[in-house]
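The values are calculated or read from the model by the stated rules, or taken from the named source; none is laboratory data. In this text the structure is predicted, and so the values were computed from the model without any measurement. Here the Cβ positions follow ideal geometry from the backbone for every residue, glycine too, while neighbour counts run over all protein chains shown.
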Amino acid sequence: MKVRSRSRTSRRSARALSPSSPRSSTRGSITRARPLLKSGGGLSRSGDVPATSVASTERNHGLRSTTLKAFLRRALRILGFPRASVSLVLTSDERIRTLNRDFLETDRPTDVLSFPLADPGDLEDRGRELFLGEIYISVETARAQARAARRPYRREVAHLAIHGLLHLLGYDHATAAARRRMTAIESRLLREAAPML
């Protein structure tokens, strides 16, 4: 499983690992045999793939899990993955710090972490049912970033969820060109999918 973080410090730490380390990667990738979260969202229509789910260990500040699930499903449809699913976990700085430390060896909170579980080759068949992975968002960091940017908390969570979702689909921002591409897709998805929030 690859772990992706939006935090620049996390990427630097991942790159600083020794080349012989199994965690070494320029993209902050880490292999893991099983998912961290057992999805509580049930199964998809066919029963093969977990359905899109949203869990929260923190107060959501007016964001309903049903609204977030619908938002994620809409974003997946726009991206051309109408039958794919993800798990989104809204959590605390403390929990995301633990994940960041355990998987990226960076002992500090970050805003969003992604744990891709789909094989990159499976992404080529966009019509199949596929569980893409898990996205963790720190509610505390999202609130602080929303205040600093003077934007609604809902918009910040939507942006972080989209960012995490794009990482699950293999997008990255390791270069300026990749960052521009990812930012353009995020902007489009925020325009097209986020108004429902």
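Details
- Annotation note: of 161, 144, 193, 184, the sole residue that is without any contact (Cβ under 8 Å) to a residue 40 or more places away in the chain and either under 23 Å from residue 65 (Cα atoms) or among the hydroxyl-bearing types (Ser, Thr, Tyr) (or both) is 144.
- Residue that is farthest from residue 132 (Cα to Cα) [pool: residues in segment 76-115 that are buried (at least 17 other Cβ atoms within 10 Å of the Cβ) and β-branched (Val, Ile, Thr)]: 106
- Residue match in segment 125-142 (condition: farther than 23 Å from residue 53 by Cα, modelled with pLDDT under 95 and surrounded by 15 or more Cβ atoms within 10 Å (Cβ to Cβ)): no
- Taken over segment 168-184, the criterion of being surrounded by 11 or more Cβ atoms within 10 Å (Cβ to Cβ) and in a loop (DSSP other than H, G, I, E, B) is satisfied by 169, 170, 171, 172, 173, 174.
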